[in-house]
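Nothing in this text is a laboratory measurement; each read-out follows from the coordinates by a stated rule. What you see is a predicted model, and the numbers here were worked out from it, not measured in a lab.
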Amino acid sequence: MESLNIKEIERESADVLLDAGVSVPLFELKLPLIKRRIIVRATMRRPTFAGLLRVSRLYNDMGVSSEQMWGFDKEQQMQFRGLAASIATI
């Protein structure tokens, strides 16, 4: 019973973090004219519905199921990565 409450609390806290966003440092700049360091950050948030639709459309355009991808050898993996990159840039 108590573990269920802990799971609910963890799920709710994950939802709050996704809604508010989590700031992640990307890289640090130190310019000679400025004494302090500049940290470039990105904020990771929950994807929008439009973004999820774009990802699902790209996945469907690839025409490959996850079961088929598990059976790929190295050459097929490289061909698939090239195909996926060309579809994603369209």
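Helix-derived [θ] at 222 nm for the chain: sum -39500 (n - 2.57) over DSSP H runs of at least 4, divide by residue count, nearest 500? Before the final figure, lay out the partial values.
Values: 4 runs with 53 residues, N = 90.
It comes out at -18500 deg cm²/dmol, rounded to the nearest 500.
Identify all aspartates and glutamates with a Cα-Cα distance to Lys7 below 14 Å; exclude those on the same chain that are fewer than 8 residues away in sequence. List returned: Asp15. Between the entries [x] 3, 13, 23, 25, 20, 11, 4, 1; [y] 2, 10, 9, 9, 10, 8, 8, 6, 5, 5, 4, 4, 4, 4, 4, 3, 2, 2, 1, 0; [z] 3, 10, 10, 10, 11, 13, 16, 12, 8, 4, 2, 0, the label attached to P(r) over Cα pairs in 5 Å bins from 0, in percent calculated for this structure is [z]. Listed values for the stretch 49-63 are Karplus-derived 3J(HN,Hα) couplings in whole Hz (6.51 cos²θ - 1.76 cosθ + 1.60, θ = phi - 60°), namely 5, 5, x, 5, 5, 5, 5, 5, 5, 4, 4, 5, 5, 5, x, and x replaces Gly and Pro.
Three principal axis extents describe the C-alpha atoms of the stretch 47-90; from largest down they are 34, 21, 16 Å.
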